[in-house]
Amino acid sequence: MSIRDKLLGGPLGFGAAPLGNMFRNITEEEAAATVEAAWQQGTRYFDTAPFYGAGLSEIRLGRVLAKHKRNEYLLSSKVGRLILDEVEPGKRDFGEKVGLFEFGRPNRIVYDYSADGTLRSIEDSLNRLGVDRLDFVWIHDISRDFHGDEWLSYFEAARKGAFRALTRLREQGVIKGWGLGVNCVEPCELTLDMTEAHPDGFLLAGRYTLLDHEQAAQRLMPAAAARKVDILIGGPYSSGALVGGAHFEYQKAPPEILAKVERIKALAQRHRVPIKAAALQFSLAHPASAAVIPGASRPERIAEDHAALAAVIPGDFWREMREQRLVAPNAPLPIDR
């Protein structure tokens, strides 16, 4: 069975990065209310990671999910970083994502893509979440945006360690599947080309959105579809830039991105299309896309996401998007189905 066949509650998941105090310091009550709102709307797939607030996201998510039976939802977390008990004395280096979780827990975070580190990371995540198992495990951020020109050495460490450890866990039935959880296309392409690695899918964040999809559409998405490797689309709103936020790729949105957003918004308003609807339905239109996983830290956003997925978008909107070159010519649209 593919990942899409295992999903519960439809193709709309819950991305728990904001629960780690991404960009802002949210209250425990607001975090809990957001997760509970997702459950009440029918969401049954939840994705988190140790990196999100140095374990804060996992802790908060686990507290709410503890109210529900474990077999009623799917849960994924990530490996590649260990959260230590000691406090990080200085400013943490997260590559291009510096300052992303400055309001999270102050614990020291270290990279570890080895087999032993992978197993330890999973055990730590289970303890923070308060569950007995994960369904999917993603190898986190073996990519240039975090490791710069040294990213291939981290990829090689994961190939020898995490890849093999997770394959064994899948074969033993401990997890349902594994893959990469990254913000870059290159590590996914490299993994697809490897004969010894057989991932079940990739959680690709920010690389198949209305604002940034050209590179993924050219090779990765068609290759994944051909090999029946599912793509789960994270960050469909491009860190919020597409829906009125100030960030793109976790940084302040540059003028050219804001200009593109305004063009899309103008077209959407003319056709009376909610911008969230356009974003989610575009990301899901590719045959390789199995799910879309927006993040949220406010309960009211959850209802908006579910309504956006169900919204009816006129074909003329998509045709004008293509005519105005606001989408790549090789990116499938909902009207192409």
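The values are calculated or read from the model by the stated rules, or taken from the named source; none is laboratory data. This one's a predicted model, so the numbers in the text were calculated from it and none came from an experiment. Backbone-built Cβ (ideal geometry, glycine too); neighbour counts: all protein chains shown. Each accessible area value is taken on the protein alone, full model and side chains, heavy atoms only, with ligands, DNA and RNA left out. Shrake-Rupley method; radii C 1.70, N 1.55, O 1.52, S 1.80 Å.
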Heavy atoms of the protein only, probe of 1.4 Å, neighbouring chains included. What is the accessible area of residue 273 in Å², nearest 10? 10
Based on the alpha carbon coordinates of the range 149-241, what radius of gyration and maximum Cα-Cα distance (Dmax) apply, in Å? 13.6, 42
Would you kindly find the accessible area of residue 152, with a 1.4 Å probe and non-protein molecules such as ligands, DNA and RNA excluded, rounding to the nearest 10 Å²? 90
Bin all alpha-carbon pair distances of the range 236-300 at 5 Å intervals from 0 and give each bin's fraction as a whole percent. 4, 16, 24, 24, 21, 10, 1
Once label points are set 7 Å from the Cα along Cα→Cβ at both residue 133 and residue 269, what is their separation, rounded to one decimal in nm? 5.1
Between residue 247 and residues 5 or more places away or on another chain, the pairs with built amide H atoms under 5 Å apart involve 241, 253
Residues with amide H under 5 Å from that of residue 177, placed H, sequence gap 5 or more: 137
I'd like the antiparallel share, as a percent to the nearest 5, of DSSP beta bridges with both residues in the chain. 15
Just the number, please: percent antiparallel of the DSSP beta bridges in the range 1-152, rounded to the nearest 5. 30
Accessible surface, 1.4 Å probe, highest first, among residues 336, 112: 336, 112
Principal axis lengths of the chain from Cα atoms, whole Å, largest first? 53, 47, 40
Please state, to two decimals, what the Cα-based radius of gyration of the range 207-337 comes to when divided by 2.2 N^0.38 Å (N = residues). 0.99
Relative to the longest principal Cα axis of the chain, at what angle does helix 151-160 sit, 0 to 90 degrees, rounded to 10? 60
For a label point 7 angstrom out from the Cα of residue 24 toward its Cβ, which stretches of the range 217-256 have the backbone nitrogen within less than 18 Å? 237-253
Student exercise, the range 1-149 dipole from Lys, Arg, Asp, Glu Cβ charges, in Debye to nearest 20: 360
Over the range 74-177, calculate the relative contact order: mean separation of alpha carbon pairs under 8 Å at least 6 apart, over the residue count, as a percent. 37
Normalise the Cα radius of gyration of the range 186-227 by 2.2 N^0.38 Å (N = residues in it) and let me know the number. 1.15
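Normalised radius of gyration for the range 73-223, please: alpha carbon Rg relative to 2.2 N^0.38 Å, two decimal places.
Ratio of Cα Rg to 2.2 N^0.38 Å: 1.05.
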Would you report the distance distribution of C-alpha pairs in the range 151-197 as whole percents per 5 angstrom bin, up to the bin with the largest distance? 5, 20, 30, 26, 14, 5, 0
Dipole moment magnitude, nearest 20 debye, the chain about Cα centre, only Lys, Arg, Asp, Glu C-beta charged: 700
Can you give me the Kirkwood hydrodynamic radius for the range 1-130, using every pair of distinct Cα atoms, in Å to one decimal? 15.3
By DSSP, what percent of the beta bridges with both residues in the range 182-337 are antiparallel, rounded to the nearest 5? 15
Got a sec? What order do 262, 30 fall in by accessible area at 1.4 Å, biggest, i.e. largest, first? 262, 30
For residue 28, solvent-accessible area (1.4 Å; no DNA, RNA or ligand), Å²: 80
Using only the Cα atoms of the range 101-166, each taken as one equal point scatterer with no solvent, compute I(q) by the Debye sum, divide by I(0), and report log10 of the ratio at q = 0.20, 0.21, 0.25, 0.27 Å⁻¹. -0.92, -0.98, -1.16, -1.20
